[in-house]
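J.: Sharing a structure, written as structure tokens. Questions coming.
The values are calculated or read from the model by the stated rules, or taken from the named source; none is laboratory data. Just so it is clear, the model here is predicted, and its values are computed rather than measured. In this analysis, Cβ positions are derived from the backbone assuming ideal geometry, glycine residues included, and neighbour counts consider all displayed protein chains.
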Amino acid sequence: MKKNGGEFYSYEYYREHFRDEIAEQCECRCVYCDSHESEVGGRESMELDHFRPWSLPTFAHLKDDPSNLHHACGRCNRLKSAKWPSTSATEPHDGLVGFIDPFADDRRLYFTVSGDGSLLSNQHPATYMVRLLQLDRPLLKLLRLRRILRAEILAYITRMMPEIDAAAAGGGSLTRKQLAREWKNLADYHRLLNLCNAPVDQLRAVPKA
């Protein structure tokens, strides 16, 4: 993605012509809050963030470098702005403050999602990022809670449907009473699935089967 002479195109050129490629390299997710573009309004709601802020003299040469352009939601991009607190000359964080590199670091080492969708910090600089980028804001907690619910629903259906189908056909190991209970559980999970787009307070109020 360079000119014939080996020079980079402009930031505006990459944004216009290579936005899709950059989004796909980032798995169509915000590199900071991990929200999928489909969860926050589509690709048009996303922005190209300069991971290393080109407005800082140290990174001025990266203004048009596509490897420095990351897919980010508008909220995270604005909150991050040109902040670069790391005291390390080469690393995005110094072990205390800064940002994890989305292409070099494993997010799972830094963050854990609790059962209610809250984001927990495992180690620095996750604490700094959660505070600066408001990574536990209500919308993100809701998105994470939806993912948890969908995973639970899929796991239940995958586990129980063969048993339910076998019982409905007159076989299997379930009694009629157990079959009735599983059908009720399946209906409850279907109701949860329909509520996955409901406000977070409503989701929390729904009892799990």
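J.: Is one or more of the residues making up the stretch 106-118 touching a residue at least 60 places away in the same chain (Cβ under 8 Å) and surrounded by fewer than 16 Cβ atoms within 10 Å (Cβ to Cβ)?
T.: Yes, the stretch 106-118 contains at least one residue that is touching a residue at least 60 places away in the same chain (Cβ under 8 Å) and surrounded by fewer than 16 Cβ atoms within 10 Å (Cβ to Cβ).
J.: Filter the stretch 152-177 down to residues that are surrounded by 12 or more Cβ atoms within 10 Å (Cβ to Cβ) and assigned to a helix (DSSP H, G or I), then give me how many there are.
T.: Total meeting the criteria: 12.
For (1) closer than 20 Å to Gln134 by Cα; (2) surrounded by fewer than 19 Cβ atoms within 10 Å (Cβ to Cβ), each residue gets a yes or a no:
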| site | (1), (2) |
| --- | --- |
| Tyr14 | no, no |
| His36 | yes, yes |
| Ser45 | yes, yes |
| Glu91 | no, yes |
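J.: Let me ask something else. Quick check, is His124 outside the structural domain of Ile22 (by TED's automatic domain parsing) and crowded, with 18+ Cβ neighbours inside 10 Å?
T.: no
J.: Condition test on Ala180, is it assigned to a helix (DSSP H, G or I), surrounded by fewer than 16 Cβ atoms within 10 Å (Cβ to Cβ) and touching a Gly at 6+ places or on another chain (Cβ under 7 Å)?
T.: no
J.: Just for the stretch 4-37: of the residues that are of a type in the set (D, E, K, R), free of Cβ contacts under 8 Å to residues at least 12 places away in the same chain and part of a loop (DSSP other than H, G, I, E, B), which one is nearest to Trp84 (Cα to Cα)?
T.: Glu27
J.: Of all residues in the stretch 119-150, which are touching a residue at least 60 places away in the same chain (Cβ under 8 Å) and of a type in the set (S, T, N, Q)?
T.: Selection gives nothing.
J.: Is it fair to say Cys28 is buried (at least 18 other Cβ atoms within 10 Å of the Cβ), at pLDDT 95 or above and under 21 Å from Val113 (Cβ atoms)?
T.: In short, no.
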